[in-house]
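The values are calculated or read from the model by the stated rules, or taken from the named source; none is laboratory data. Bear in mind the structure is a predicted one, so any value in this text is a computation, not a measurement. Surface accessibility is based on the protein's heavy atoms, side chains included, excluding ligands, DNA and RNA. Shrake-Rupley method; radii C 1.70, N 1.55, O 1.52, S 1.80 Å.
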Amino acid sequence: MKKFSSLKSTSVLVAMVLGGLILTMGALNVFSADSGATVGQKAPAFDLPNLNGGSTLSLAQFKGEPVVVTFWATWCPPCRHEVPALKKIYKEYSSRGVKFISVTLQYKQTKNDVTQFQKQHALPYPVLWDANNKVTYAYGVSAIPANFVIGPDGKIKYRSAQINTQFVNVLNKYAKPAEASK
C-alpha cells in the first residue's frame with residue numbers, strides 16, 4: 001500500500017511538471033502553427049522606438065518599397081560578425097530603393113549598450129528597440145541574427161540566419177537597377 005501511494009505521488013508530480021511545461025510552451029507559442037512569419041506571408045506590422053532619435057518607426061512607413069529587417073543583439077558573435085557585410089549591402093542597396101531596419105531585442109543588453117554599439121560601429125540604418133520582444137516573437141525569431149527581405153507587396157520574400165548569395169539575389173530582384181537609382 002505504501003509503495004502504491006509513493007508511485008501515485010510521483011505520478012501526480014510528473015503530471016504537474018509536464019502540464020506546467022506544456023502551458024508554458026503554449027504561452028510562448030511553441031506549439032502554435034502560426035507562430036512566426038514565413039516566406040510568402042504578409043510581414044507582421046510593427047511600431048518601435050528608433051534609437052537613432054525621433055519617435056517610432058513603423059514598417060507601414062515603407063509600404064510599396066522593399067525592406068530588409070534584421071534582428072540582432074550586441075552580445076551575439078554572429079551578429080557582430082555580420083555588421084560589416086550588412087553595412088556594405090546597405091551602402092549599395094539603399095541607393096537602389098531598398099530600406100533597412102535593424103531590430104534589437106531586449107535580452108542581455110540595455111538601450112545604452114545598443115546605442116554605444118551603434119555609435120562605435122557607425123551603423124547607418126535605423127536601430128529599433130524591441131522592448132518586450134513582441135516583434136521578435138511575431139517574426140518567429142528563435143536565433144539571431146535573423147534577416148528578412150520584405151517585398152513591395154508587404155510579403156516576406158526571404159528569411160535567413162545569414163547574409164549570403166541567395167539573400168543578395170533576392171535583394172537584386174526587388175531593388176531598382178543600379179543605373180536607375182543614380
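Listing for the model above:
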read-out	value
Probe 1.4 Å - accessible area at LEU128, Å² to nearest ten	0
Long-range amide H partners of ALA43 with built H, under 5 Å	LYS155, ILE156
Solvent-accessible area per residue for the stretch 41-173 (1.4 angstrom probe, square angstrom)	49
Partner aspartates and glutamates for LYS42 [C-alpha distance under 20 Å; skip if fewer than 8 residues away on the same chain]	ASP34, GLU65, ASP130, ASP153
For ILE150, solvent-accessible area (1.4 Å; no DNA, RNA or ligand), Å²	10
Cross-link pairs LYS111/LYS176; LYS111/LYS155; LYS108/LYS176; LYS87/LYS173 - those with Cα-Cα distance over 31 Å	LYS111/LYS176; LYS108/LYS176
Amide proton proximity set for LEU57, modelled H, under 5 Å, gap of 5+	LEU48, ASN50
Nonlocal amide H pairs with VAL103, under 5 Å, H built at 1.01 Å	THR70, PHE71, TRP72, LEU128
Extension gain (nm, one decimal) between LYS63 and GLN116, 0.36 nm per residue minus Cα-Cα	16.1 nm
